[in-house]
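The values are calculated or read from the model by the stated rules, or taken from the named source; none is laboratory data. Just so we're clear, the structure is a prediction, and the values are computed from it rather than from any experiment. Glycine also receives a Cβ, built like all others from the backbone with ideal geometry; neighbour counts cover every protein chain displayed.
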Amino acid sequence: MHVNFTGIRGGLVLISADDPGGLSSQNEEDTRILVHQYAHLPIFDPCSPQEAKAMVKEAFDLSERTELVFCLRPVTRVCHARGIIEFEDLPKDLPVAHYEPDRERFIMSAVEMPKFGGLKRPQIRHRWLNEKQLLLQGIMEESAYNWIEKGEGKIGLVGCGMGYTLIKEAEQYLDQRLPLLKLGTLPLPRKKIKGFVQGLERVVIFEETEPFVEGLFKRIFQEEKIEVEVLGRSGFVPAEGELNLQVILDTLSKAAPRVKLTQPQVPTLDLHIPIRTRTQCVGCNYRGILNALKQTVRKHKGIVAGDIGCHDAGSFRPMELQSTIYCMGSSVPMGSGMVLAGVNRPVFAFIGDSTFYHNGILGLMNAANNKINVNVILGENTVTAMTGFQPHPGTGVTLAGEKTTPVNVPKLAESLGISYRVVNPYDIKQCREALEAAVKEEGPSLIVSSMPCYLLSTRRGQKVFEPREIRVDPERCNGCMICINDFGCPAISINKDQKKVSIDSMICVGCALCADVCKRGAIS
Amino acid sequence: MKMDVVITGVGGQGNIFASLVISQYAMNKKFNVLGAETIGAAQRGGSVVSHIRISDGTIYSPLISRGQADLLVGMEYVEMMRHIRLLNPKGTYLLNAMKIPTVLNNMGLDEYPGSEEILQAARKYCLHGHVIEASALAKKLGNIQMTNVVMLGALVKVVPFFDYREVKWLVNANSPERFKEANVKGFEEGYKLIKIN
């Protein structure tokens, strides 16, 4: 990270969303530690979509004024919320962008600075960044995103971002109002905090997710010799997971036992609710290539490094195909690493096209350059399907929706000097043959499994296959489970008593892939 | 006045479209609206819940908590039951009689409860409920993906808060050109599905 040291001209706002509870991402980490503690940059932590909107504008203004990068750190419940947002008019007469060279700042290099007695530039920029902290503290002291709400008693609540929102939600169930400090900024407003805790014996801090503000409070209290107990997410409030109304109420009943709670009681439910894990769509072309890969992997005792995207559900039951899933683009480097470490089995890396263009392409380049024997399968559905059909460099459309030239993957493979095979994932036999050939070949190889996303195509009224009515012949079905365990279409289920599978015509879309999966010809 | 609505279903059933229409209706009526979708990580196949909070006062949390919902819409049996405790037992539920088995159900490793068992549990929890064959009707009308508009039609009949003509207009306005006619038809047929004496 350098931009914290150089600062910026104009305005730069970094938005980094966190996912407390790991509701739809790979981790439960806290951006504030990286951006504020490590990089010493200011952060806004919004409590609602409307506040997030206001904060972005102010962050740009302040960024321009202070020459520092500002960060907005919204959590899932802000990002995935839908609400009424009030807009203001767009500013008029915006200045025209221009660039003024300032090499003493924007060339980040360990060069001696004569003006500072020969000290190196990073140290001088560090000093500059440290000096900015006083300015920031003054700004946050006056910020409209920090405020105090009066209440009774000696126990105060502190709500950071969504923590504040949930305290307000909880108030309807409490028989009294506790003093409340709403916080939305880092650095913290030290004077406001000192004012708030006067006369209090204990504060309970609700923040997402690490006990970060809690730690800063303890430091402030130590420096200011304030004797107030600080409770929060270092254990008093659960240290992992998302805050919710129940967590707030349970914590309050411990922290402020005299406050009466009046939460509505509801009957218990005596019913087994099966857990639902996600899978690919019915009709998705990934199921064809995943099935072909499953067969190949079983035959050759292969290993599959997976990646982020719709295909990643192939790592869950029933397929249990991919052995690793980390961040975007990790499949090819992880597969390469296995090969380099000497794993004496065929190694595959499965990656979708959006992820490939995001970061995977570097891994492929590295594998090609170093002649690593990894078999890369690119699931090319021509769109970022998992997150709602955003275009990518293989789509042929710009973000603004204009036509553009898509990446030509065969030409890319040619330029890398690796073999490639383009297959139709609705043709399992063709996929199998290509995978077999790739396994037998030394060195890196690429299989491009190419077919537009079924879901998007259907919405656009385009057909990626000719749908047909699919039936199971119960005479031929022997309940071998291959169509379920190696394919896993949600429309196919087993009747345990009869040991026969059946296809739910309400769910089936007639892609007919399962007919090719069944070895006994029971599905047609 | 407040109206907290939870829509539950499986990814791909059209929860989001339905929640958008409901939100817009409430906005047009000058209510505050705040809600959230918990859509897991995939377009389809996972459990999907939409929370829509409508009020003439301030709304804080985008999520509806235990016992707060006035209306629970279930696009699928088990998904409705998964979240039934969000419903105020004095509220109303509207269930689409559709079973979408889970992966483990399909593998024969987990039980999907029987319809009668589910309905009994729902009735025991809350007295005001309607169970309709929305997906079957949508399929009959030509596309099972119209389940959501059929459900919206039925919802308008069940809950006096919603105005038939205005919601129908929003269904039309929010549908892509190619589906407008079919979606409006689905909405009208859904309205007729519910018989209230």
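Computed quantities for the displayed model
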{"quantity": "Residue check, B:S65 buried (at least 19 other Cβ atoms within 10 Å of the Cβ) and within 7 Å of chain A (Cβ to nearest Cβ)", "calculated": "yes"}
{"quantity": "Strands (runs of 3 or more DSSP E) contained in the range A:374-466 and holding at least 2 residues modelled with pLDDT of 95 or more and surrounded by 21 or more Cβ atoms within 10 Å (Cβ to Cβ)", "calculated": "A:374-380, A:445-450"}
{"quantity": "Subset of the range B:145-166 that is of a type outside the set (F, W, Y) and over 15 Å from the mean Cα position of the chain (by Cα) - its residue that is surrounded by the most Cβ atoms within 10 Å (Cβ to Cβ)", "calculated": "B:E166"}
{"quantity": "Cβ-Cβ under 8 Å pairs, at least 6 apart or on other chains, the range A:503-516 side more than 10 Å from chain B (Cβ to nearest Cβ) and at pLDDT 95 or above, far side surrounded by fewer than 17 Cβ atoms within 10 Å (Cβ to Cβ) and part of a helix (DSSP H, G or I)", "calculated": "A:D516/A:K429"}
{"quantity": "Matching residues in the range A:64-114 - criterion: being within 30 Å of B:N28 (Cβ to Cβ) and polar (S, T, N, Q)", "calculated": "A:T76"}
{"quantity": "Matching residues, the range B:10-27, being facing chain A (nearest Cβ under 10 Å) and part of a loop (DSSP other than H, G, I, E, B)", "calculated": "B:G11, B:G12"}
{"quantity": "All positions within the range A:34-86 that are among the basic types (K, R), farther than 15 Å from A:I15 by Cβ and not in a helix (DSSP H, G or I)", "calculated": "A:R82"}
{"quantity": "Residue list for the range A:126-153, restricted to those being part of a helix (DSSP H, G or I), farther than 12 Å from A:L68 by Cβ and touching a helix residue (DSSP H, G or I) at 6+ places or on another chain (Cβ under 8 Å)", "calculated": "A:H126, A:Q137, A:E141"}
{"quantity": "First in the range A:172-191 and in a helix (DSSP H, G or I), second anywhere and β-branched (V, I, T), Cβ under 9 Å, 6 or more apart", "calculated": "A:R190/A:I220"}
{"quantity": "Yes/no for B:K30 being over 10 Å from the mean Cα position of the chain (by Cα) and either closer than 26 Å to A:F389 by Cβ or part of a strand (DSSP E or B) (or both)", "calculated": "no"}
{"quantity": "Hey, A:R432 away from chain B (no Cβ under 14 Å) and in contact with a Cys (Cβ under 9 Å, 6 or more places away or on another chain) or not", "calculated": "no"}
{"quantity": "Long-range neighbours under 9 Å by Cβ, at least six apart or interchain, first residue without any contact (Cβ under 8 Å) to a residue 60 or more places away in the chain and among the charged types (D, E, K, R) within the range A:277-302, second surrounded by fewer than 20 Cβ atoms within 10 Å (Cβ to Cβ) and part of a helix (DSSP H, G or I)", "calculated": "A:K299/A:E436; A:K299/A:V439"}
{"quantity": "Flag for A:L243 being at pLDDT 95 or above, part of a loop (DSSP other than H, G, I, E, B) and within 14 Å of chain B (Cβ to nearest Cβ)", "calculated": "yes"}
{"quantity": "Residue within the range A:47-60 that is surrounded by fewer than 19 Cβ atoms within 10 Å (Cβ to Cβ), within 14 Å of chain B (Cβ to nearest Cβ), over 16 Å from A:T185 (Cβ atoms) and under 17 Å from the mean Cα position of the chain (by Cα) present", "calculated": "no"}
{"quantity": "All positions within the range B:73-87 that are farther than 21 Å from B:M146 by Cβ and either at pLDDT below 95 or more than 7 Å from chain A (Cβ to nearest Cβ) (or both)", "calculated": "B:H83, B:L86, B:L87"}
{"quantity": "A:V75 vs. criteria within 14 Å of chain B (Cβ to nearest Cβ), within 29 Å of B:T38 (Cα to Cα) and in contact (Cβ under 8 Å) with a residue 24 or more places away in the chain", "calculated": "yes"}
{"quantity": "Test result for A:F106, away from every other protein chain (no Cβ under 14 Å), in contact (Cβ under 8 Å) with a residue 40 or more places away in the chain and under 28 Å from A:L166 (Cα atoms)", "calculated": "no"}
{"quantity": "Condition broken by A:M328, with the remaining ones in (1) crowded, with 22+ Cβ neighbours inside 10 Å; (2) farther than 30 Å from B:D110 by Cβ; (3) within 14 Å of chain B (Cβ to nearest Cβ); (4) not β-branched (V, I, T) satisfied", "calculated": "(1)"}
{"quantity": "Residues of the range A:144-167 classified as of a type outside the set (A, V, I, L, M, F, W, C) and surrounded by 21 or more Cβ atoms within 10 Å (Cβ to Cβ), total", "calculated": "6"}
{"quantity": "Unmet requirement for A:G159, which otherwise passes all of (1) within 18 Å of A:Q37 (Cα to Cα); (2) of a type in the set (G, A, S); (3) not in a helix (DSSP H, G or I)", "calculated": "(1)"}
{"quantity": "Residues satisfying the stated conditions in the range A:410-427, i.e. in contact (Cβ under 8 Å) with a residue 60 or more places away in the chain and more than 31 Å from the chain's Cα centre (by Cα)", "calculated": "A:D427"}
{"quantity": "Condition met for B:P101 (touching a helix residue (DSSP H, G or I) at 6+ places or on another chain (Cβ under 9 Å), under 26 Å from A:I484 (Cα atoms) and modelled with pLDDT under 95)", "calculated": "yes"}
{"quantity": "Selection from the range A:428-457 of residues that are in contact (Cβ under 8 Å) with a residue 60 or more places away in the chain and basic (K, R)", "calculated": "A:K429, A:R432"}
{"quantity": "Unmet criterion (only one of (1) under 26 Å from B:L63 (Cα atoms); (2) more than 7 Å from chain A (Cβ to nearest Cβ)) for B:S115", "calculated": "(1)"}
{"quantity": "Some residue of the range A:291-300 being crowded, with 24+ Cβ neighbours inside 10 Å, more than 7 Å from chain B (Cβ to nearest Cβ) and touching a strand residue (DSSP E or B) at 6+ places or on another chain (Cβ under 6 Å)", "calculated": "no"}
{"quantity": "A:P264 vs. criteria over 27 Å from the mean Cα position of the chain (by Cα), within 14 Å of chain B (Cβ to nearest Cβ) and modelled with pLDDT under 95", "calculated": "yes"}
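Residue-wise test of (1) surrounded by 24 or more Cβ atoms within 10 Å (Cβ to Cβ); (2) more than 7 Å from every other protein chain (Cβ to nearest Cβ); (3) farther than 27 Å from A:C489 by Cβ.
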site: B:T38; (1), (2), (3): no, no, no
site: B:V49; (1), (2), (3): no, yes, no
site: B:R53; (1), (2), (3): yes, yes, yes
site: B:T58; (1), (2), (3): no, yes, yes
site: B:L94; (1), (2), (3): yes, yes, yes
site: B:A97; (1), (2), (3): no, yes, no
site: B:V103; (1), (2), (3): yes, no, no
site: B:E111; (1), (2), (3): no, no, no
site: B:Y125; (1), (2), (3): no, no, yes
